[in-house]
Amino acid sequence: MAKKHVAVLMGGFSSERPVSLSSGAACADALEAEGYRVTRVDMDRNVAAVLAELRPDVVFNALHGPFGEDGSIQGILEFLQIPYTHSGVMASALAMDKARAKKVVAAAGVNVAESVVMNRFELGNEHPIKPPYVVKPVREGSSFGVVIVQEDQSHPPQVISSPDWKYGDEVLVEHYVAGRELTCAVMGDRVLGVCEIIPVGHQFYDYDSKYVAGASKHECPAKILPNIYQKIQIMALEAHRAIGCKGVSRSDFRYDDRFSEDGELVWLEVNTQSGMTPTSLVPDIARAEGISFGALLSWMVEDASCLR
């Protein structure tokens, strides 16, 4: 039976365009190797007309950031009635809004860090919560705009209220949990393994740590206590279900075990459009579970649908 015609959506016009182009190219190459007929589509404002003319069997969504993973492109695909990968309109929009996603996930019993949402111009000269804390845009990905405020800093970071800030006026101020960066992927109803991210020469898993070769190490599976490992898997699956994710998602965690084995473990966010570049996490996590990159992408294509 002939394999499906897959349109791989990539690029777009968010801050994460370069990441998306890298993800899209890797996915298109791998899907071709799996025998699919692939059309590469660099998304622009005419994407609906382009897809309506192409009429692919499936759209593989390799977009990142606003318009790609916030429900916007998903709504267009629903209107065109073209099956697509990853999460649907509602889950994509909810997961992209870090503050609202935290509320939903916390209501499902998942432990999250103390936080407050505020306008960036309200930060002023007084700390909104006790340092250390993190200030991050409510609706951005790839760690764009993330600033860590240390205990000894006398006032909030001034860059947040400067004219150079380009990540929206609403920010999330969140208690900073020191220690280890962990992540866990979910594939449909199956929770995969836990991976520890070890940045090399960076304070945290920032943009360069994510996408520059050698800037971070991925330890899959993570070398943590079995009970913590299982707890992270349970929380990742709960978050996936609470948000309403489909296909593959990835939840990020912070774990501070400096003072006790149980330590402090908090869920940070869920990624509905995880990177698929050569340095990305989900392919590494899947590989550690015995799932090749090609097999992972083939599963995602065959899982595609509308009304997700």
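Where a number appears in this text, it was derived from the coordinates with a stated rule and is not lab data. Given the structure is predicted, the values throughout are model-derived calculations rather than measurements. A quick note on method: Cβ atoms are made from the backbone with ideal geometry, for glycine too, and the neighbour counts reach across all protein chains shown.
Placing unit charges on each Cβ (+1 for Lys and Arg, -1 for Asp and Glu) gives the chain a dipole about its Cα centre, and among His86, Val266, Gln150 the Cα reaching farthest toward its positive end belongs to His86. With the simple model of a label 7 Å out from the Cα in the direction of the Cβ, Ala49 to Gln230 spans 5.7 nm.
For the pair the stretch 66-123 and the stretch 154-187, the centres of their Cα atoms are 16 angstrom apart.
What does the extension gain come out to for Arg100 and Trp165, with contour length at 0.36 nm per residue minus their alpha carbon separation? Each step should come with its number before you reach the end.
Details: separation 65, 0.36 × 65 = 23.40 nm, distance 2.22 nm.
21.2 nm is the gain from fully extending Arg100 to Trp165.
Rounded to whole numbers, the Karplus 3J(HN,Hα) couplings from phi for the stretch 9-19 are 7, 8, x, x, 9, 8, 4, 9, 3, x, 5 Hz, using 6.51 cos²θ - 1.76 cosθ + 1.60 with θ = phi - 60°, and x at Gly and Pro. Less than 5 angstrom separates the built amide H of Ser305 from those of Tyr84, all sequence-distant by 5 or more or on a different chain.
Quote to one decimal, in nm, the extra length available between Lys130 and Asn111 on full extension: 0.36 nm per residue of separation minus the C-alpha distance between them.
Numbers: separation 19, 0.36 × 19 = 6.84 nm, distance 1.92 nm.
The span from Lys130 to Asn111 would gain 4.9 nm if fully extended.
Please state the relative contact order of the stretch 7-141 as a whole percent: Cα pairs under 8 Å, 6+ residues apart?
Working: 157 pairs, mean separation 31.0, N = 135.
Relative contact order, the stretch 7-141: 23 percent.
This model, with +1 at the C-beta of Lys and Arg and -1 at the C-beta of Asp and Glu, gives the stretch 115-175 a dipole about its Cα centre of some 140 debye. Report note on the peptides 74-80, 164-170: ranked by the mean count of other C-beta atoms within 10 Å, highest first, their order is 74-80, 164-170.
So what does log10 I(q)/I(0) come out to for the chain at q = 0.06 Å⁻¹, using the Debye formula with one equal point on every Cα and no solvent? Rounded to two decimals, the profile gives -0.19.
Using only the C-alpha atoms, the convex hull of the stretch 40-173 corresponds to 124 Å³ per residue.
The relative contact order of the chain comes to 21 percent, based on Cα pairs under 8 Å that sit 6 or more residues apart. For the stretch 115-175, the fraction of alpha-carbon pairs lying more than 20 Å apart is 14 percent, rounded to a whole number.
For Tyr176, the amide hydrogen comes within under 5 Å of the amide hydrogens of Tyr133, Val134, counting only partners 5 or more places away or on other chains and with H modelled in the peptide plane. Between Asn271 and Arg250, Ser251, Asp252, the built amide H atoms are under 5 Å apart, and every one of these is 5 or more places off in sequence or on another chain. Full extension of the chain between Gln150 and Glu122 yields a length gain of 8.2 nm, computed as 0.36 nm times the residue separation minus the alpha carbon distance.
Entry for the stretch 226-308 at q = 0.10 Å⁻¹: log10 I(q)/I(0) = -0.30, Debye formula applied to identical alpha-carbon scatterers, no solvent contribution. For the stretch 115-175, the relative contact order works out to 53 percent when only alpha carbon pairs closer than 8 Å and six or more residues apart are counted.
For the stretch 36-52, backbone nitrogen atoms closer than 17 Å to the point 7 Å from Cys306 Cα along Cα-to-C-beta are found at 48-52.
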